[in-house]
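Student: Sharing a structure below in structure tokens format, with a few things to ask.
The values are calculated or read from the model by the stated rules, or taken from the named source; none is laboratory data. Computed from a predicted model, the values in this text were never measured in an experiment. Using ideal geometry, Cβ is built from the backbone for each residue, glycine included, and neighbour counts are taken over all protein chains shown.
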Amino acid sequence: MNTVGVFDSGVGGLSVLAALRAELPHENFVYFADTAYAPYGERGDAYVIERTRAVVDHLLREHGIKALVVACNTATTAAIHLLRAEHPALPIVGLEPGLKPAVAASRTGHVSVMATRGTLASAKYANLRASFAGSADVRSVPCDGLVKAIEGFDTAGIAELCERYMKEAGPFGDGPDDVDTVVLGCTHYPLVKDQLGRHAPATLRFIDTGVPVAQQTRRLLTSAGRLADSGDGSLLLQGSGDVAWLEAAASRWLGLSTTTAD
Ligand code: DGL
């Protein structure tokens, strides 16, 4: 029991994994990409709950994980309350759109949240807005198709969708009616931040939650007495789809070099 499990519907959670490995260099990680069943974001709660349970059961059974990071906003909003109830002894960290830091950082008071349709329709997101939007104008932008394009390395599709959704998220700038902060509320989107940034001034702020999630994981491991404080740390990539492809994705998106397993 010396491995931290991290999972996402696909490659998006690799953006969180990078922050986890930087924050916790001594930990062993197993990353599971549920690519055969992705994307989750446009499919509804029952589907996401079923897949989340299947992946977590696998991580517990095969790896005896000592903590779990649900590196997927969509799975967190649909299933984290169930996971916590079903595995009370397992430290579990989830992700939700970084609305609170975005509202705090915005000077114009106009913030856009880009996320999957599932995340934006969830009760958890409604609560997040009620708790943290305050007087800010918060626009929700469901980015249908973008996860699929990223999963497929579809360069033309990524370019077209980034342009379309940034148009919906704007107009950007520093004027009183402009959006100056965009929340990347899906872990896939930081992987295409450069493409998104092409359609905005350089002053636009993007908020993602990889680093705070890594810090929270450290806190939970520490309080559970499970933090590794020596060793080189290892990374195993697994998935329900093609693992060679996953390895290519890890090296393409993040320059990660890894051990893979079926
Ligand atoms: N990466 C995921 C998220 O953070 C989900 C994507 C999907 O499968 O639609 O929401």
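Student: In the range 105-115, what residues are in a strand (DSSP E or B) and under 11 Å from Val138 (Cα atoms)?
Tutor: Scanning the range 105-115 gives His110, Val111, Ser112, Val113, Met114.
Student: Got a number for residues in the range 59-73 being in a strand (DSSP E or B) and either surrounded by fewer than 22 Cβ atoms within 10 Å (Cβ to Cβ) or in contact with a Pro (Cβ under 8 Å, 6 or more places away or on another chain) (or both)?
Tutor: Here the count works out to 2.
Student: Here is a check on your reading of the model: is Arg218 at pLDDT 95 or above, surrounded by 14 or more Cβ atoms within 10 Å (Cβ to Cβ) and of a type in the set (Lys, Arg)?
Tutor: So Arg218 passes the test.
This table checks each residue for (1) surrounded by fewer than 19 Cβ atoms within 10 Å (Cβ to Cβ); (2) of a type in the set (Val, Ile, Thr); (3) touching an Asp or Glu at 6+ places or on another chain (Cβ under 8 Å).
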{"position": "Gly5", "(1), (2), (3)": "no, no, no"}
{"position": "Asp8", "(1), (2), (3)": "no, no, yes"}
{"position": "Leu14", "(1), (2), (3)": "no, no, yes"}
{"position": "Ala38", "(1), (2), (3)": "no, no, yes"}
{"position": "Gly44", "(1), (2), (3)": "yes, no, no"}
{"position": "Arg51", "(1), (2), (3)": "no, no, yes"}
{"position": "Asp57", "(1), (2), (3)": "yes, no, no"}
{"position": "Ala75", "(1), (2), (3)": "no, no, yes"}
{"position": "Arg107", "(1), (2), (3)": "yes, no, yes"}
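Student: Here's a follow-up. Looking only at residues in the range 143-164 that are touching a residue at least 60 places away in the same chain (Cβ under 8 Å) and surrounded by 20 or more Cβ atoms within 10 Å (Cβ to Cβ), which one is nearest to the ligand (Cβ to nearest atom)?
Tutor: Top of the filtered list is Val147.
Student: Ok, one more. Tell me, please, whether a residue that is away from the ligand (no atom under 12 Å from the Cβ), at pLDDT 95 or above, β-branched (Val, Ile, Thr) and assigned to a loop (DSSP other than H, G, I, E, B) can be found in the range 40-57.
Tutor: No - not one qualifying residue is present in the range 40-57.
Student: Could you count how many residues in the range 165-188 are within 15 Å of the ligand (Cβ to nearest atom) and either polar (S, T, N, Q) or without any contact (Cβ under 8 Å) to a residue 12 or more places away in the chain (or both)?
Tutor: The qualifying residues number 1.
Student: Residues to consider are Ala78, Ala102, Ala89; find the one that is among the hydrophobic types (A, V, I, L, M, F, W, C) and outside any helix (DSSP H, G or I).
Tutor: Ala89
Student: Now for a separate question. I'd like the full set of residues that are part of a helix (DSSP H, G or I) and either in contact with a Phe, Trp or Tyr (Cβ under 8 Å, 6 or more places away or on another chain) or within 12 Å of the ligand (Cβ to nearest atom) (or both), limited to the range 1-27.
Tutor: Scanning the range 1-27 gives Leu14, Ser15, Val16, Leu17, Leu20, Arg21.
Student: Considering only the range 116-175, give the helices (runs of 4 or more DSSP H) lying wholly within it that have at least 1 residues that are more than 21 Å from Glu42 (Cβ to Cβ) and aromatic (Phe, Trp, Tyr).
Tutor: 123-132
Student: In addition: Kindly indicate the residue of the range 64-115 that is of a type in the set (S, T, N, Q) and within 14 Å of the chain's Cα centre (by Cα) and also farthest from Tyr47 (Cα to Cα) among those meeting that condition.
Tutor: The selected residue is Asn73.
Student: Picking from Val69, Val30, Val111, which residue would you name as being touching a residue at least 60 places away in the same chain (Cβ under 8 Å) and either farther than 23 Å from Leu237 by Cβ or within 10 Å of the ligand (Cβ to nearest atom) (or both)?
Tutor: Selected residue: Val111, the only one of Val69, Val30, Val111 that is touching a residue at least 60 places away in the same chain (Cβ under 8 Å) and either farther than 23 Å from Leu237 by Cβ or within 10 Å of the ligand (Cβ to nearest atom) (or both).
Matching residues to (1) hydroxyl-bearing (Ser, Thr, Tyr); (2) within 27 Å of Thr77 (Cα to Cα); (3) in contact (Cβ under 8 Å) with a residue 60 or more places away in the chain:
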residue: Ala200; (1), (2), (3): no, no, no
residue: Leu204; (1), (2), (3): no, yes, no
residue: Asp208; (1), (2), (3): no, yes, yes
residue: Gln216; (1), (2), (3): no, yes, yes
residue: Gln238; (1), (2), (3): no, yes, yes
residue: Ala249; (1), (2), (3): no, yes, yes
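Student: Look at the range 33-53 and say how many of its residues are touching a residue at least 12 places away in the same chain (Cβ under 8 Å), out of contact with any Leu (no Cβ under 8 Å at 6 or more places or on another chain) and at negative phi.
Tutor: Summing the residues that are touching a residue at least 12 places away in the same chain (Cβ under 8 Å), out of contact with any Leu (no Cβ under 8 Å at 6 or more places or on another chain) and at negative phi in the range 33-53 gives 12.
Student: While we're looking at this one, here's another question. Among the residues of the range 178-198, count how many are over 17 Å from Ala104 (Cα atoms) and either assigned to a helix (DSSP H, G or I) or charged (D, E, K, R) (or both).
Tutor: Looking only at that region, the number is 10.
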